[in-house]
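The values are calculated or read from the model by the stated rules, or taken from the named source; none is laboratory data. Since the structure is predicted, the reported quantities are computational estimates derived from the model, not experimental observations. Reconstructed Cβ throughout: ideal geometry from the backbone, glycine too, with neighbour counts over all protein chains shown.
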Amino acid sequence: MHQLIGGERRIGRSITALAVVEPATGEVFAEVDTASLADIDDAVAGANEAATELERLSFFERAELLHAAAGCIEASADPHAEQPARESGKPLAAEAVDELAESAEIFRLAAEEIKRLETHVLPSVDPRKRVFTHRKPNGVYALVTPWNFPMNIPAERPADCL
């Protein structure tokens, strides 16, 4: 497996690979690249660049992107559910496919909520003026995701920040 950094798939610069073991069988079913410190620096730089571009978009344009992300998750749910099922030992149909569907729904919810974000109007010392607040994206942050919900936990965190 390759890393996705700055919109490009590439092999990590670390010389270490990680064996992915299926808990149900104890068998290694994949090897993945591990990220080097340089890979992490590149990923953060790419994420900051993307965040700057996203901040220029209107809330409605961001909502369109979130709906598109949900659509991508839904379109690939069946073929992609096997990997998290094998990694975590979850039943494929009962939990892994459902987790992907729920992740898509979280993105759809965030897409609709972003259109209704309210801002505060604060009083000013001058009675003829008002101070308007403006919401902007939080920027880049990292999550360490536990094995049991690898899609839902990262999908929920941005929704919690709205």
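May I ask you to verify whether E105 is under 21 Å from I153 (Cα atoms), surrounded by fewer than 16 Cβ atoms within 10 Å (Cβ to Cβ), of a type in the set (D, E) and out of contact with any helix residue (DSSP H, G or I) (no Cβ under 6 Å at 6 or more places or on another chain)? Against the criterion (under 21 Å from I153 (Cα atoms), surrounded by fewer than 16 Cβ atoms within 10 Å (Cβ to Cβ), of a type in the set (D, E) and out of contact with any helix residue (DSSP H, G or I) (no Cβ under 6 Å at 6 or more places or on another chain)), E105 qualifies. Residues in the stretch 50-64 that are more than 16 Å from the chain's Cα centre (by Cα) and of a type outside the set (F, W, Y): T52, E53, E55, R56, L57, S58, E61.
Filtering L57, L4, L18, L65 for residues that are hydrophobic (A, V, I, L, M, F, W, C), in contact with a Ser or Thr (Cβ under 7 Å, 6 or more places away or on another chain) and surrounded by fewer than 16 Cβ atoms within 10 Å (Cβ to Cβ) leaves a single hit, L18.
The C-beta contact set for the stretch 64-75 (first residue assigned by TED's automatic domain parsing to the domain that holds N152, second residue outside any helix (DSSP H, G or I) and buried (at least 16 other Cβ atoms within 10 Å of the Cβ), distance under 8 angstrom, 6+ apart or interchain) comprises I73/M151.
So is E112 touching a helix residue (DSSP H, G or I) at 6+ places or on another chain (Cβ under 8 Å), among the acidic types (D, E) and either in a helix (DSSP H, G or I) or farther than 24 Å from F132 by Cβ (or both) or not?
In short, yes.
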